[in-house]
Protein chains: 2
Amino acid sequence: MKLIVKPIGLEAFGKSVVILNTDDAAELGTRSSGRVRLKGRDREITALVNTTSRIVKKGEVGVYQEVQSSLGLSSGELLDVDLSSPPPSLTHIRNRMEGRKLDRDQIAEIIRDTVRGDLSEIELSAFVTSLNTFHLDLDEATSLSIAMVESGKTLKLNSRPIVDKHSIGGIPGDKTTLVVVPIIAACGMTIPKTSSRAITSAAGSADRAEVLMPVDLEIDEVERVVEKTRGCVVWGGSMHLAPADDMFVQIEYPLSIDPLLLPSIISKKKAVGAEFVVIDIPLGMGAKVKTIADARLLARDFMELGKRLGMRIHCAITNGSQPVGHAIGPALEAKEALETLANRITVPDLIDKATDIAGMIIDMTGGVDGKRMAAAVMSQGKAEKKLREIIAEQGGDPEMKPEDIKIGEKTLDFQSVESGQVLWINSSRLVEAARLAGAPKDKGAGLILHKKTGDRVNEGERILSLYAEKTGKLEKARESLQQEHAVMVGHRTEMTMAMITEIPVHKEPFILER
Amino acid sequence: MKLIVKPIGLEAFGKSVVILNTDDAAELGTRSSGRVRLKGRDREITALVNTTSRIVKKGEVGVYQEVQSSLGLSSGELLDVDLSSPPPSLTHIRNRMEGRKLDRDQIAEIIRDTVRGDLSEIELSAFVTSLNTFHLDLDEATSLSIAMVESGKTLKLNSRPIVDKHSIGGIPGDKTTLVVVPIIAACGMTIPKTSSRAITSAAGSADRAEVLMPVDLEIDEVERVVEKTRGCVVWGGSMHLAPADDMFVQIEYPLSIDPLLLPSIISKKKAVGAEFVVIDIPLGMGAKVKTIADARLLARDFMELGKRLGMRIHCAITNGSQPVGHAIGPALEAKEALETLANRITVPDLIDKATDIAGMIIDMTGGVDGKRMAAAVMSQGKAEKKLREIIAEQGGDPEMKPEDIKIGEKTLDFQSVESGQVLWINSSRLVEAARLAGAPKDKGAGLILHKKTGDRVNEGERILSLYAEKTGKLEKARESLQQEHAVMVGHRTEMTMAMITEIPVHKEPFILER
């Protein structure tokens, strides 16, 4: 069927979509959510169909920008539109929905069609939902990791060994990466660290690093920085290492599910060429992983999956029951990390975690007593010096002092209404407050936790301080924390944590960090 | 956040959607697939978010037509846009994805938000996929049926008893409805038959009836027709009986799944006020239901569900191994039905099936020997007379003769290449051929099956004739049938149906008819 091209002037958010008049769609034998084959001058593509009885008249085909630019179409020209059968990847998705496992070729086809924009949100959602229901086995996770690497760009580096670290996320205030990367690079190993921005958290490692230096580097700039300094802390999103994963995140986010955790992380480690990797698995009530048994199972999967992709992986199961350090929010956290590296402050849990993980990397690559070596590199100021080299190469100011970091000027303290001990900290409430205060978008927003679990508190003593760039946001954060306390002060004998007297609405905080 | 309204000038296909600039979305703390609350002058609504860095500038909000007209927005005015939490129905969907059963209130919320356009395709797809994975139990099917009725319009009729029939579909050439409705109406019962158009088949009952009369009636016109004649055959789609179901079909169609079969059918029967219903469950290799045990289980579910909604239901398990009668395609089937009612031709399986189902309805409502009564009403010409009354009231020509029905003029015969017996008929191949020939859009397109299972065939004898309105389509249908035969002629001793020597691609024909 020949139809007159009518440009819609809008993006279809990465998908190939056309709008047909309902009559033309029926004539072709399709309908909304069906597919058509479009024959351009040089090439053919498949597009998803939406139908309308109004905007696009009979005889016209409405084309979104993806289709228009892919085929080089102009308004008014004739386009050959024919019925197309669904791609084989849709058959694989349907099989997966029935619980059948997919093989490497089938998964590669799904990933390829995902990246091309050939699968609709309906179809991708069914696929991701099926992965959530019938969990990935290791064969599938391997196939997905490989397909994701092959569908994206990879980092080419000459220095060896290439090492990496990754946290599965979910712990507020976890600025470990900013401390580990310079330690490792200062030890002479190559650590091309790509990080994510916050999706559901108050700050991702990329958001923290961005307070100190630009992080939106192209892949060749990253190669240059790393070859020169042995390290970097950049945002992975601008490097297109695993474009399929970015599309899956669009599905996972509204559904609050994260079935692609393993291949998502492992594919990105493979894409930067890592040979030795430490995966940090925070464990605890507020963390992604709640029991030590689950943490061990996950560690096993990571290690086995790494092996299949030719990477050596060790895992650190870390205490994830409360934030790391005191600061939450991009600028506050960057400042805490910089002060720690400069040996200006001592944040015991941050230093312990960072030197443990750096130590594991050192030991994996043949070093001895890695933790002590990591601590020495820090205390001698070599790590700070290395971070400043990286800052300089990434385009930041290597002379930046901690006090130069801009913190939100609107501020507010919370005092304890009783004396006692901090019994527990509700991390997800802290994240909510920090986000309401403006984080991660307002870099200076967030909070400082003055007391942590086990600390003694007197009535009227400051427990936490909120920071915001705008008064309205500070107020919203304040309201949220007043409604439900995030830091529980009491006595060791208080056993009841909550009394449930009505059927509760299921509202578990969801952490999606990549 | 106050943003300047920028109308997009497009529909979002029933959903409330806005486009935000990526920066504004981050400032609000949301991203693509998130939600915002829009405060208009008189009312507030929630909208789904898409983000862009191009089309919509910082400070603007792109609004699709649904949002624009719902809030009465003009270009350039300021609109209050704030972060919104997801609706509770999304929490219910997430619970359903984990396999938890939903209660009546939860399902009602999902249906309400579906009809309002408050749930995205991603979310609806996850819901429908979860219903496909963890099958509906009867409590959920009941809740869904009730919620679907309450979300739509209902037919108000005075005459009693109100009866109905419904086939779960999947059998090509099944024009039983066109014969049963006039028999039942002629017996003095009220049968307000709403039918579907073809989605994946060659003709739906509404497509067949449309050859004889208009079927796109408004709900008050249907009431008038039925009060006057006791019957009708109309398209359910224009009556908005279960608008949620129409939205679920958009999800089920690309995924080739049909988990809402029971509530979809039962809600529409309830919405027309039916008290006694016969459900036709075709059984056989090419049908939706493959085994007698499955058919009995489905019958049990229909009957129990009907009871819970205050309807008496009987089920007919019918032979679905081949088409009903000889004709496939809207006009060919309408003609076959009209000739049958006029006693001009004898189509044994059609007459047997129609009188069985009509007889069951008669017996259910207190009649005796219903099948004989149904046959008598037919043979005395009362059913034909009644159909012509209905045709007249629906706005068709009551004098229409079978030979007035326009059949496709491009035609082609297939002859048998050997002598023997028809061993089996592949219904889905026939549907494919009829659709390629132009059905259901080209009403005159389709085919006539001259031989059916068990019939003796001589070499060179005509097996089937194709009809099309356009030569190109006739050719495509011909190619398809030449590639793979739809009618297997052989000898009773030939046991092997197919030899599989390569791993086959899973390509089961999918039947979605509502």
>> What do you get for the angle between helix B:121-133 and the principal long axis of chain B? Use alpha-carbon atoms, 0 to 90 degrees, nearest ten.
In response: 50 degrees
> Hey, how much of the P(r) for chain B falls beyond 42 Å, as a percent of Cα pairs?
Replying inline: 27 percent
>> Rounded to the nearest 5, what % of DSSP beta bridges with both residues in the stretch B:248-394 are antiparallel?
In response: 0 percent
> For the Cα atoms of chain B, what angle does the longest principal axis make with the long axis of helix B:370-379, in degrees from 0 to 90, nearest 10?
Replying inline: 70 degrees
> With all protein chains present and a 1.4 Å probe, how do A:HIS491, B:HIS135, A:HIS314 order by accessible area, largest first?
Replying inline: B:HIS135, A:HIS491, A:HIS314
> How well do other chains shield peptide B:118-128, expressed as the mean number of their Cβ atoms within 10 Å of each residue Cβ?
Replying inline: 6
> What value, in deg cm²/dmol to 500, does the helix sum -39500 (n - 2.57) over DSSP H runs of n ≥ 4 give at 222 nm once divided by the residues of chain A?
Replying inline: -12500 deg cm²/dmol
>> At R0 = 22 Å, how high is the FRET efficiency between A:LYS101 and B:MET497 if r is their beta carbon distance? Nearest 0.05 is fine.
In response: 0.20
>> What does DSSP give for the protein assembly as shown in terms of the percent of beta bridges that are antiparallel, rounded to the nearest 5?
In response: 55 percent
>> About the Cα centre, and with charges only on the beta carbon of Lys, Arg (+1) and Asp, Glu (-1), how big is the dipole of the protein assembly as shown? Nearest 20 debye, please.
In response: 280 debye
> Once amide H atoms are placed 1.01 Å from N in the peptide plane, what residues at a sequence separation of 5 or more from B:THR190, or on another chain, have their amide H within under 5 Å of its amide H?
Replying inline: B:VAL163
>> Spelling out what I want: for every residue of the stretch B:430-444, take phi, set θ = phi - 60°, compute 6.51 cos²θ - 1.76 cosθ + 1.60 (Karplus), and round to whole Hz; glycine and proline get x.
In response: 5, 4, 4, 4, 5, 5, 5, 5, x, 5, x, 5, 7, 4, x
> With Rg and the Kirkwood Rh both taken from Cα atoms, where does Rg over Rh land for the protein assembly as shown?
Replying inline: 1.04
> For chain A, what is the percent of antiparallel DSSP beta bridges, rounded to the nearest 5?
Replying inline: 55 percent
> Tell me: how much accessible area in total is hidden between B and A, 1.4 Å probe, Å², nearest 100?
Replying inline: 4700 Å²
>> How much length would be gained if the chain were fully extended between B:ASN158 and B:MET1, taking 0.36 nm per residue of separation minus their Cα-Cα distance, in nm to one decimal?
In response: 51.1 nm
>> I want to verify the translational diffusion coefficient of the stretch B:142-259 in µm²/s; compute it with Stokes-Einstein, Rh as the Kirkwood radius over Cα pairs, at 37 °C and 0.692 mPa s.
In response: 217 µm²/s
> Given just the C-alpha atoms of the stretch A:271-365, how large is their convex hull per residue in cubic angstrom?
Replying inline: 122 Å³
> Under the Karplus relation 6.51 cos²θ - 1.76 cosθ + 1.60, θ = phi - 60°, what is the ordered set of whole-Hz ³J(HN,Hα) values for the stretch B:97-102, x standing for Gly and Pro?
Replying inline: 5, 7, x, 6, 6, 9
>> As a test of reading the structure, rank A:LYS307, A:LYS410, B:LYS288 by solvent-accessible area (1.4 Å probe, protein chains only), most first.
In response: A:LYS307, A:LYS410, B:LYS288
> Roughly how much of A:THR493 is accessible, in Å² to the nearest 10, using a 1.4 Å probe?
Replying inline: 120 Å²
> Non-local amide H neighbours of A:GLY9 (under 5 Å, H modeled in plane, Pro and chain starts lacking H): which ones?
Replying inline: A:GLN65
> Given label points at 7 Å from Cα along Cα→Cβ, what nm distances, shortest first, separate B:ARG224 from the same residue in every other copy?
Replying inline: 7.8
>> Compute the distance from the alpha-carbon center of the stretch A:465-506 to that of the stretch B:167-234, in whole Å.
In response: 60 Å
> Cα to Cα, under 18 Å, and not fewer than 8 places away if on the same chain: which aspartates and glutamates meet these conditions relative to B:LYS473?
Replying inline: A:ASP23, A:ASP24, A:GLU27, A:ASP80, A:ASP82, B:GLU409, B:ASP413, B:GLU432, B:ASP442, B:GLU484
> Amide H of A:ILE345: which non-local residues (sequence gap of 5 or more, or other chain) have their own amide H closer than 5 Å, using H built in the peptide plane?
Replying inline: A:THR340
> Rounded to the nearest 0.05, what FRET efficiency do A:ARG224 and A:LEU138 have when you use their Cβ-Cβ distance and R0 = 30 Å?
Replying inline: 0.25
> Can you list the residues of the stretch B:407-450 with backbone N under 15 Å from a point 7 Å past the Cα of A:ARG37, pointing along Cα to Cβ?
Replying inline: B:436
> Over the heavy atoms of B:LYS58, what accessible area does a 1.4 Å probe trace out, to the nearest 10 Å²?
Replying inline: 130 Å²
> Mind listing which GluC sites (Glu not before Pro) in the stretch B:374-451 are in a DSSP loop and have 15 or fewer other Cβ atoms within 10 Å?
Replying inline: B:GLU399, B:GLU409, B:GLU418
> Using the Karplus equation 6.51 cos²θ - 1.76 cosθ + 1.60 (θ = phi - 60°), what ³J(HN,Hα) coupling, rounded to whole Hz, does each residue of the stretch A:160-168 give in order, writing x for Gly and Pro?
Replying inline: 9, x, 9, 10, 7, 9, 8, 9, 6
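The values are calculated or read from the model by the stated rules, or taken from the named source; none is laboratory data. Please read these numbers as outputs of a predicted model, since none were measured by experiment. Note that we place each Cβ from the backbone using ideal geometry, even for glycine, and neighbour counts take in every protein chain shown. Just so you know, the surface numbers come from the protein's heavy atoms only, side chains and all, with ligands and any DNA or RNA stripped out. Shrake-Rupley method; radii C 1.70, N 1.55, O 1.52, S 1.80 Å.
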